[in-house]
1. How much of the accessible area of the range B:176-302, in percent, comes from carbon and sulfur atoms when a 1.4 Å probe is used?
2. Would you mind classifying the range A:176-302 by shape? Square roots of the alpha carbon gyration tensor eigenvalues, ordered a ≥ b ≥ c; an a/c under 1.5 is rounded, otherwise it is prolate if a/b is larger than b/c and oblate if not.
3. Using a 1.4 Å probe and counting only protein heavy atoms, how much accessible surface gets buried when B and A come together, both sides summed, in Å² to the nearest 100?
4. Counting alpha carbon pairs within less than 8 Å and at least 6 residues apart, what relative contact order, in whole percent, applies to chain A?
5. Identify, for chain B, the residue whose C-beta comes nearest the rotation axis onto chain A, and round that distance to whole Å.
6. Taking beta carbons within 10 Å but only from partner chains, what does the mean come to for residues A:279-286?
7. List the residues of the range A:290-324 whose accessible area drops by at least 30 Å² when all protein chains are present, compared with their chain alone, using a 1.4 Å probe and counting only protein heavy atoms.
8. Can you give me the Rg/Rh ratio for the protein assembly as shown, using Cα atoms for both radii and the Kirkwood formula for Rh?
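The values are calculated or read from the model by the stated rules, or taken from the named source; none is laboratory data. Keep in mind that what you see is a predicted model, and the values were worked out from it rather than measured. We place every Cβ from the backbone using ideal geometry, glycine too, and count neighbours over all the protein chains shown. Each accessible area value is taken on the protein alone, full model and side chains, heavy atoms only, with ligands, DNA and RNA left out. Shrake-Rupley method; radii C 1.70, N 1.55, O 1.52, S 1.80 Å.
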Number of protein chains: 2
Amino acid sequence: MQAAVMRANHAPLEIEDVRIDAPGPGEVLVRTAASGICHSDLHVVEGGLPMPPPCILGHEPAGVVEEVGAGVSGFAPGDPVIGCISAWCGECEVCLRGKPHLCGGASLQRPEGSASRLSKDGAPVLQFANLSSFAEKMLTHERSLVKIRPDMPLDRAALIGCGVTTGIGAALNTARVAPGSTCAVIACGGVGLSALQGCRIAGASRIVAVDNQAWKLDLARKLGATDTVDSNDGDAVAQVMELTGGGVDYAFECLGSQPTVQQAVGMLKRAGTAVLVGIVPVGQMVELHAADITFQEKRVIGSLMGSNRFRLDMPRYVDFYLDGRLKLDEMISARIGLDGVNDAFDALRKGEAARQVIVFDS
Amino acid sequence: MQAAVMRANHAPLEIEDVRIDAPGPGEVLVRTAASGICHSDLHVVEGGLPMPPPCILGHEPAGVVEEVGAGVSGFAPGDPVIGCISAWCGECEVCLRGKPHLCGGASLQRPEGSASRLSKDGAPVLQFANLSSFAEKMLTHERSLVKIRPDMPLDRAALIGCGVTTGIGAALNTARVAPGSTCAVIACGGVGLSALQGCRIAGASRIVAVDNQAWKLDLARKLGATDTVDSNDGDAVAQVMELTGGGVDYAFECLGSQPTVQQAVGMLKRAGTAVLVGIVPVGQMVELHAADITFQEKRVIGSLMGSNRFRLDMPRYVDFYLDGRLKLDEMISARIGLDGVNDAFDALRKGEAARQVIVFDS
């Protein structure tokens, strides 16, 4: 199969023919229909997320089941699916407490040292995030797949695999935004725009989008922001405090940086909740004003992958798209072929794109 | 009336005759029966909490109503009461959302510039925390008082005015500790020992007390700790992780320092909650590992005054004492007269006392 292989950091991906194994027990082979391109893919290329080459990136896919391994009962060839970057075991404490996204499904993975699923001329090529969707096919555990309605377009379904679920789930699952709330969303990329839509779907009355790029704020308004704050116009916290008359109930930090985490906590009203969605680089510390958290009973809570309950949430988000509540078409900046992936990374580096989607010929 | 007056920072309090006004509209004059001595009082003496002298400290009292002002309908002379450091208006957003402890009741206070309630030879003496309980009488708004059962001993009731409510409420109200949980309490002073009891009353299965003083850990065991960690024996987080096999559901930080806040967040299991109860000095920043909060969906939440709903919670805690669930006798290190207050501060400075209580002659 054709795949875009990362042979070295800081170098363009190379389109190569790669061998993919047949599905083993519990595994499913999926023909990739579409894959979003996410900042995390770019982070790997640029060395910010450690992943040794050669590997195949891509972790926001939808596709169609081609073949199932022994013991797989929930999927059959032809099923449309979304691929997830983690799996869940269904047996551990977090799974049993309704937080399967925190499981990771390590107990389902092949033992370390076993043969790679992917190879080139006999040499292993590593799989990224359990998926490697910058390739015509994916081999993954059935617990990393969610079957969806057949009337869902797969290029838009792909977005639900990572960015949309991360954002909308932060609002609906992690924070459980209440109708009538006042919300702020800091950084309006794919995740932030989805968090914003989650706030709208939950019935928030005020949704303040914060960014430093005018076109993202325009897009945020189309997707449901009631107000926008351009952080080029001065202190974002002061602007939000003035707009809202004293702060927000929920602030979603969707960038992953020290200053924006501080902004999120700073723009809360008493008893407000800051939801940390963006991933601040591992090991980097964020300074918070602890007495402010105590005196005002602020809450700072982490949200990973939208506290996603896989087979419950992703079909729900598909329904939201098909009934018109979740807007995905507007979030897609471009549809490209696999060979356009390096140009797409360039657009991402320049901050020119919301979501670019690789579409494979079917 | 007799009162212990702070005439200057860093100096002993002076026992003086002070004039107290008659109650105005909405106000109640209370004969002080007992007042706990809290670290916050000492902080004022030492300049850590800004409060200009001359003033009368003390903010953890119980007493008996002596006289009520115009419009006061809920109290009558002879009623036993606990005094609270804040009041609530009952009309603002936080009050209406069940968080009256975040209100402060500023709208109930006399306008700035109006005559002081307390004076000495015609010169005003400031009131601390709406109470000034290091004095034979207190004049306060009725919304700062809670009427209690007449069979409650007032020296023990006094503790419920601040430290006990702050600790037990952090477990019961703010965190809502679930039965069977694993908890850690960092710093076992009056507040920490009360948080620990809150965890026990809520049905926690493991309660790990963390401190660096052996006698406090012994007392913690008597009050319900199932395990103790002496932070002199090495990294407290590593010790708690080993004891609990991977972290706690709830960690209560009851000291108010940067290292212990970091410890509280560090000793959580996935999806665990760190409750910031201690007041880190205002303006001092605490460095937290943001990616750890996101990846593990940890929660860092502030707890002020035990998220106390005044007339709901304090009578409940009195019931807990009288039915044997809340242990207060063990927490009282000494009962002293008003003139013993300076010696009591010395004991507090040396870390030799849990709670010392001033008892007034009745």
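1. Carbon-and-sulfur percentage of accessible area, whole number: 49.
2. On the way: a/c = 1.45, a/b = 1.21, b/c = 1.20.
Rounded, since a/c falls under 1.5.
3. On the way: alone 15100 and 15090 Å², together 26700 Å².
Interface between B and A: roughly 3500 Å².
4. The normalised contact order for chain A reaches 18 percent.
5. Of all Cβ atoms in chain B, the one nearest the axis gives B:V300, 2.
6. Working: counts 4, 7, 2, 6, 3, 4, 9, 8.
Mean shielding by partner chains, rounded to a whole number: 5.
7. Buried by 30 Å² or more upon assembly, which counts only protein chains, are A:A290, A:A291, A:I293, A:T294, A:F295, A:E297, A:R299, A:V300, A:I301, A:G302, A:L304.
8. Values: Rg = 29.6 Å, Rh = 27.9 Å.
Rounded to two decimals, Rg/Rh equals 1.06.
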